[in-house]
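A quick write-up on the structure given underneath.
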Amino acid sequence: MSEVLTFGESMIVFAPSQSGLLRYINNYEAKFAGAESNTAIGLCKLGHTARWFSRIGNDELGQYILYKIRAEGVDVDNVIIDNEHPTGIMIKELSGSGQTRVYYYRSGSAASYLSPTDLPPELFENVKILHVTGITPILSDSCHSLTTSAIKTARQKGIKVSFDPNIRKKLWNNSDHSEMIRGLIHNSNIVTLGLEEAEILYGNKNFEHLNEILFRSPHLEYLAIKNGAEGAFVSDGKTQYSIAPYPCNCIDSIGAGDAFNAAFLAGILENRPVGECGKMAAIAGALSTETTGDTESLPTRQQLNSILEPEQSIYR
């Protein structure tokens, strides 16, 4: 039984040992990353249950990913091992200013061959939230079909749909997928998006105006607009809150949005007010930036609670 179901591509990540152009880097550390699996891990660390579904190559890189995600408590029992296509790869390049550039090697990867036939209805049993990102539907036509089919199934079963556009311009390949992304937002109960993404999709960066626009959807119940180091804006359609950023020592911001999503969904699962959900999310997003990996510094429930409800520490 899993409270949250999510699916999408997870890749092996090679993170350089130091900042600078990759041509001068000799040593890398193997890690893994994927927006959906990051969110699933974040939920499990906060004491919830999550299932991640995908295709991985029948190779050692795929087995590494599967091992690591399973070790974090995520249900990976339905992941398909693909004998024909490889596991995707991502390489990071770090600058001295904390900015990160990524290079993808995922064309023709196993996950890009996901299709509706890979997602049996029983995966939705006892699920409360289906979490989807805008990355998966642009990987291929079959991935797009999988995404729309999964949302349709969730609707039929009364499962809330959570959606993060997670716009990756490198994956858009000079195409404009805005209309498709807006359609997925319109069919979601929970939407989390970045302020820059909102400008791309709606030509607007005003929180109040975006709140009005997005809540025209008949399904929307929760909205979070992420603004990086400036904090966030959250709303349930009735009340809106500006969420202050949580202080952190940012080393690598990649994955912060997934951490935000995990804690925001955790708050919703716990029936917390939207303002509390936003505060939890801001803390998790900030803490996740303090390492070069996407999941290493995701907070546990104990860590999050110690910030939300601080108690005086006894040292001796």
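Read-outs: derived from the displayed coordinates by stated rules, not from any lab. This one's a predicted model, so the numbers in the text were calculated from it and none came from an experiment. Cβ atoms come from the backbone with ideal geometry, glycine included; neighbour counts cover every protein chain shown.
Quick grid of which residues meet (1) of a type outside the set (Val, Ile, Thr); (2) more than 16 Å from Gly34 (Cβ to Cβ):
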| residue | (1), (2) |
| --- | --- |
| Pro120 | yes, yes |
| Thr136 | no, no |
| Ser142 | yes, yes |
| Glu179 | yes, yes |
| Val191 | no, yes |
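So which helices (runs of 4 or more DSSP H) stay within region 113-211 end to end and still have 2 or more residues that are within 27 Å of Glu3 (Cβ to Cβ) and touching a residue at least 24 places away in the same chain (Cβ under 8 Å)? Don't jump to the end; show me each part of the working.
Numbers: elements: 141-156, 169-172, 178-186, 195-202.
Passing ranges, in order: 141-156, 178-186.
Are any residues in region 238-287 buried (at least 24 other Cβ atoms within 10 Å of the Cβ) and acidic (Asp, Glu), and if so, which ones?
Once the filter is applied, which keeps residues that are buried (at least 24 other Cβ atoms within 10 Å of the Cβ) and acidic (Asp, Glu), region 238-287 yields only Asp258.
Select, from Ile151, Ile190, Ile159, Ile200, the only residue that is under 25 Å from Ile283 (Cα atoms) and surrounded by 15 or more Cβ atoms within 10 Å (Cβ to Cβ). If you could, list the steps in order and put the result at the bottom.
On the way: Ile151 fails: under 25 Å from Ile283 (Cα atoms); Ile159 fails: under 25 Å from Ile283 (Cα atoms); Ile200 fails: under 25 Å from Ile283 (Cα atoms).
None of the others qualify; the one that does is Ile190.
Which one is farthest from the chain's Cα centre (by Cα) among residues in region 59-73 that are buried (at least 16 other Cβ atoms within 10 Å of the Cβ), within 15 Å of Glu296 (Cα to Cα) and hydrophobic (A, V, I, L, M, F, W, C)?
By that ranking, first place goes to Ile65.
Please verify whether Ile12 is of a type outside the set (Phe, Trp, Tyr), within 23 Å of Thr87 (Cα to Cα) and under 13 Å from the mean Cα position of the chain (by Cα), treating the condition exactly as stated.
Values: of a type outside the set (Phe, Trp, Tyr): yes; within 23 Å of Thr87 (Cα to Cα): yes; under 13 Å from the mean Cα position of the chain (by Cα): no.
When the stated conditions are applied, Ile12 does not pass them.
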